[in-house]
1. Would you please name the residue that is surrounded by the most Cβ atoms within 10 Å (Cβ to Cβ), looking only at residues in the range B:11-32 that are closer than 23 Å to B:Gly82 by Cα and in contact with a Gly (Cβ under 7 Å, 6 or more places away or on another chain)?
2. With respect to A:Ile662, is the statement that it is among the β-branched types (Val, Ile, Thr) and either surrounded by fewer than 24 Cβ atoms within 10 Å (Cβ to Cβ) or not in a helix (DSSP H, G or I) (or both) true?
3. Within the range A:719-742, count every residue that is among the hydrophobic types (A, V, I, L, M, F, W, C) and either in contact with a Pro (Cβ under 7 Å, 6 or more places away or on another chain) or surrounded by fewer than 24 Cβ atoms within 10 Å (Cβ to Cβ) (or both).
4. Right, A:Ser540: within 25 Å of A:Met264 (Cα to Cα) and part of a helix (DSSP H, G or I) or not?
5. Out of all the residues in the range A:648-704, which are closer than 30 Å to A:Ala39 by Cβ and either at the interface with chain B (Cβ under 8 Å from one of its Cβ atoms) or among the acidic types (Asp, Glu) (or both)?
6. For A:Arg629, indicate whether it is basic (Lys, Arg) and part of a strand (DSSP E or B).
7. Is it true that A:Ala549 is over 26 Å from the mean Cα position of the chain (by Cα) and within 25 Å of A:Trp34 (Cα to Cα)?
8. Could you please give the count of residues in the range A:566-620 that are closer than 30 Å to A:Ile727 by Cβ and hydroxyl-bearing (Ser, Thr, Tyr)?
Amino acid sequence: MKSDHARVVRTRVEFEGEITDELALIQGDDVEAWPEGAALEKVGRPTPRIDGASKVTGRARYTHDLRLPGMLHVRILRSPYARARVRRIDASQALALAGVRGVLHRFNAPKAAFRGEETIFRDEVRFVGDEVAAVAATSEEIAAQALRLITVDYEVLPHVVDLEEAMDDASPRIDEKGNVEEAAKHERGDVAGALREADVVVEATYRTSTQLHNSFETHGAVATWDGDLLTVHESTQHVFGVRQGLQAALRIPYGKIRVLCENMGGGFGSKGGVGKYTIIAALFARELGLPVRCVLDRGEENLAAGNRSATLQRVSVAVKGGRITALAHDSWSNAGQGRWVADPTGPTKGLYDVPNVRARSYKVMANTGSLSAFRAPGYVEGTFALEAAIDEAADRARIDPLELRRRHAAGEHDPMSGLRYSLKRLIDCYDIGAKEIGWSRRKPGGLRGSAPGTRRGLGMASQLWGGSGLPPAYAMVHLNPDGTAVARIGTQDIGTGTRTIIAQICAEELGIDVDAVRVEIGDTDSPYAPISAGSLTVSSIGPAVRLAARDAREQLLEIAAGIMEVPKTELRMQRGSIGARGALRSIAKVFEDLQNYTVIGRGARMPNPEDVSMKTFGAHFAEVEVDPRTGEVTVERVVAVHDIGRVIDPLTARSQVQGGVIQALGFALTEERHVDRATGRVLSTSLEIYKVPTVKDVPKIVVRFVDVPDTEANNIGAKGLGEPPIIPTAGAIANAVSNALGIRVRHLPLTPRRLLQLVAAAEAEGAGGRGAARPS
Amino acid sequence: MLGPGAADVAFEVNGHPASVHVPPHHTLLDALRDELGLTGAKRVCDEGTCGACTVLVDGRPTYSCMTLAVACEGRSIETVEGLAHDGQLDPVQQAFIATDAYQCGFCTPGQIMSVVALLRANKAPTAEDVHRAVAGNLCRCGAYPGIVEAALRAARARRR
C-alpha cells in the first residue's frame with residue numbers, strides 16, 4: 001500500500017493566526033479519512049486518560065520533581081531596574097560562600113545565542129526581572145543567599161512600562177526606531193465609503209490588561225552532561241524546540257542533545273522553546289561536571305516567563321439596511337521586550353463576511369518582560385473588542401445581536417484567502433447554543449435579577465481559529481507478538497491528554513484495546529513532532545499515528561496471511577485477533593512461532609490540502625447576574641459550542657473546553673498584571689494578588705460539539721481544540737453585562753471597581769445608563 | 001546561618017515511621033520532597049495560596065509549605081503516595097480518573113488530599129461542601145467541574 005520514498009512538498013500551515021507556506025518532508029501515502037458516521041470503536045468514545053493512575057498517585061514525574069545525584073541548584077539575580085546598563089559586577093563574596101560552585105554573568109559567561117541576541121546576560125537590562133547573573137550552589141537556599149552577596153554597579157536609564165505611555169512621543173524611546181512598530185495590516189473594499197453611508201456607526205475604544213500564564217509548574221530545566229552528550233529535562237511544550245535552542249546557543253550537534261519532558265505542569269503557550277534558565281543550567285552543568293537544576297520561583301514566573309499583551313483597540317462598525325457594511329480595527333499591543341506580537345485584528349478580518357474591512361495592528365515596546373504566546377494570542381483580546389462593538393451596533397440598530405451575526409456567518413468562503421472552507425458549522429453552533437442558553441429570553445435592556453436591585457443579562461460571542469495542524473510529524477508503532485503495541489512520537493502532553501488520543505487512534509487501527517497501547521512521548525530521540533501549541537497537536541500527530549498503526553497492521557496481516565495460509569485480503573484485525581470468515585485467532589497465537597518478532601510501522605503527517613481553508617468555529621453564550629451597587633458580576637452559566645471536526649475523546653475534550661472557559665473567566669473579570677510606572681516593578685507576582693479563578697468562581701458550563709468530521713482536513717477528520725474555548729468567553733460575558741445594565745463594557749478585566757465607575761459615569765450622564773458610557 | 005542548627009524530627013508518613021534531619025526553618029514540604037523523595041505534593045506558590053502542597057497532618061488537610069517540619073514531630077502525615085493500597089486506588093483517585101478531574105495534573109495531588117479529608121468527615125457531601133473543601137486548591141487548567149464531580153462520585157462509591 002505504501003510508496004516509501006521520501007519527498008519534499010510545499011504545504012500551507014497556520015500557526016497562532018499566521019498562515020505561511022512551508023516545505024515539509026513526507027513519506028508514504030495517505031488514506032481516506034474515516035467518513036462521517038463511520039463505525040469506530042475507540043475513536044470518539046469517552047476514554048479516561050491512559051496515564052491517569054500516574055497523575056492521581058503522585059507518581060507522575062515532572063521536571064520539578066527530578067532529584068539527580070550531586071545535583072546543583074541555580075538561582076538567578078534579576079535586575080531591580082526597568083532599564084539600566086550593567087557596568088560592573090563583583091561576585092567575589094558570593095563565590096567565597098560555602099556551597100557556592102559558580103557564578104555566571106555578562107563578564108564571564110560564554111557567548112550563547114538567544115532569540116537574536118548573542119548572550120543571555122545583557123549589558124543593558126531592559127525590564128525588572130531581566131537576568132543579570134546566576135549562581136550555582138549545593139542548595140537553592142545557598143544559591144539564594146549568594147545572590148545577596150553579588151554587587152552590581154548599574155547606570156540607571158529612563159524607562160517606560162505602560163502601553164499608552166510607551167505610545168506617547170514624549171516618552172523615552174527604548175528602541176532606535178521608536179517604541180511603536182506596525183505589525184500587520186489588511187484592507188478590503190471601501191471602508192470610508194461604508195462608514196459615510198451607514199445608518200449606524202459605532203466607534204469605541206477597548207482596553208485589555210496583561211494576563212499572566214501562571215503555569216503551576218514554573219519554567220525550569222535540569223541539565224546533565226555525560227561526556228559530550230547533553231541531556232536536558234524541561235517543562236516544555238516542544239522538546240524539539242528546546243533542542244534547537246540549545247543547538248543554537250551552545251553550537252553542538254543535534255546528535256549530542258537529548259531533551260525530555262515526561263509530564264509538564266501547564267504551559268498555555270509560554271513554554272514554546274528554550275529558556276535562559278535552560279542555557280544557564282547547561283552551561284553550569286558543563287563547567288561543573290554535575291547535574292544542574294534551574295527552576296524559576298513563582299515571583300520570577302510572573303516577571304520573566306511571558307504574558308498576554310495588554311491592548312488598546314479602536315473598533316468601528318458600520319450598519320446599513322440591517323447588515324454590517326464595514327469593520328475597522330486598529331490595535332496596539334504591549335510586547336514588552338518581545339520580538340514579535342500577536343494580532344488582535346485576526347477575528348475582525350476573518351470571522352464574518354463583511355465586504356469592507358480595514359485592520360492595522362502595532363507592536364509597542366516597553367520595559368517589561370516579553371510577551372509570549374498565551375492560548376490564542378491576539379484572538380482573545382481582539383474577539384472581545386470586535387464582539388463588544390458588534391453587540392453595541394446591533395443594539396443601536398435594534399437588531400438582535402445573534403441575528404445580526406447570523407447574517408454574516410453563513411459564508412462558505414474564507415474572506416481572507418477566498419478559499420472554500422473545508423467545513424464550517426458556525427450556524428449550527430449558534431442554533432445549539434441559543435437553544436441551550438434560552439436566548440429567546442434575552443430582552444434589550446436586560447432582565448430583573450434574582451435579588452432586588454440586581455440585573456440579569458445574556459450575551460454571546462463567536463470564535464474563529466485555525467487548528468488544522470501541519471507536517472512534519474512522524475510516528476512509529478511497534479507491535480509486539482502478543483498483540484500489544486508501543487507508539488513512539490516526539491510530541492509531548494501539556495495536559496490535554498495527548499497520550500490517550502494516540503492510544504485511541506492506534507487501538508482503532510490495530511483492532512486492539514486502548515490499554516494494550518503504551519505511548520512513549522516527550523523525547524527528542526523519537527521521531528519529530530511539532531510544538532504542542534496553536535491547537536495543532538491532534539491534527540498534526542493524529543494522522544501520522546494512524547498511518548503508522550495502519551502500516552504495522554498491514555505488515556502484520558501480510559505475515560499472518562503466510563502463517564495462516566489465507567489470502568491477506570480476507571483477513572481482518574479486531575479485538576486483538578486476526579481472522580477470516582468468522583474464524584478468529586489471537587495475535588499471540590498467530591505469532592507463537594515467531595517469538596520476538598517486532599512489526600515496526602511508520603507514519604508521516606501528509607501535507608495540507610491547498611485548495612481549502614481549514615478553520616475551527618464556535619460560539620459561547622453567557623448568562624450573568626450583576627449587582628450595580630457592589631460592582632459584582634456573577635457568571636451563572638456559559639454554553640460553549642465548538643465546531644472542531646471529529647472529537648477524538650469527548651471526555652478530555654470536555655475538560656479542555658471547561659478549562660478554556662475558566663481561564664477566559666479570569667481574563668474577563670479578575671486577572672491583571674499590575675506594574676508600578678515609576679519603578680517598573682511588577683506588583684502582582686503572587687497568586688495571592690494575581691487572581692486566577694477558584695472553584696467558587698466557576699459557572700455552570702455546558703459543553704457541546706457539532707462533532708462532524710472534517711474529512712478534507714486530514715485522515716482522522718479532527719482539528720484542534722486547545723485554544724478555541726478561551727477565545728469567545730470574555731466577549732460573551734462583556735456583552736451579557738452590557739445587556740444586563742445597558743452600559744457598554746470596554747475595559748477588561750471588569751473588576752468591581754471598573755464596573756462601579758461605569759455605573760457612576762452612566763448615572764452622571766443621566767440617560768438612565770443607556771448608550772455610551774466612557775471606558776474607565 | 002543564624003539560629004539553631006538542624007534537628008532530628010520523627011513522624012509517621014503514610015503509616016510508616018520516618019525521620020528527617022532538617023534545619024528549623026525548613027517546611028514539611030521541603031522534608032517530604034527533598035528528604036523523603038515524596039514529590040507528589042507540589043511547590044507552586046510556596047506561600048500558602050494555592051494548595052498544591054496539601055497533605056493530611058493528623059487527618060487535617062494542611063498546606064505543607066506553611067508547616068514547619070519540626071512542628072510535625074510525632075504527627076501522622078498522609079500524602080497522595082499513601083492512598084492506594086495493594087495496587088488498588090482509593091475511590092477518590094478512581095473518581096478523578098473517571099471524571100477527568102485534571103489536565104496537567106500538577107495540582108491534582110493537593111486536590112485529592114482535600115477531597116479525601118472531606119469524605120472522611122462527611123459521607124454525603126453536597127456540591128457546596130465540595131466547593132468549600134477545595135476552595136483553597138487552585139487549578140490553572142480549570143479542571144474544577146471534574147473535581148467537584150469526582151468528589152461527589154467518590155462519595156457515592158464509598159456509600160455503596
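1. Only one residue tops the list, namely B:Phe11.
2. In short, no.
3. Count: 1.
4. yes
5. Correct list: A:Asp649, A:Leu651, A:Thr652, A:Arg654, A:Ser655, A:Gln656, A:Gln658.
6. No; evaluated as a whole, the condition is false for this residue.
7. The answer is yes for A:Ala549.
8. So the count comes out to 2.
The values are calculated or read from the model by the stated rules, or taken from the named source; none is laboratory data. Small disclaimer: the values here were computed from a predicted structure and weren't measured. Please note: Cβ atoms are built from the backbone with ideal geometry, for glycine as well, and neighbour counts cover all protein chains shown.
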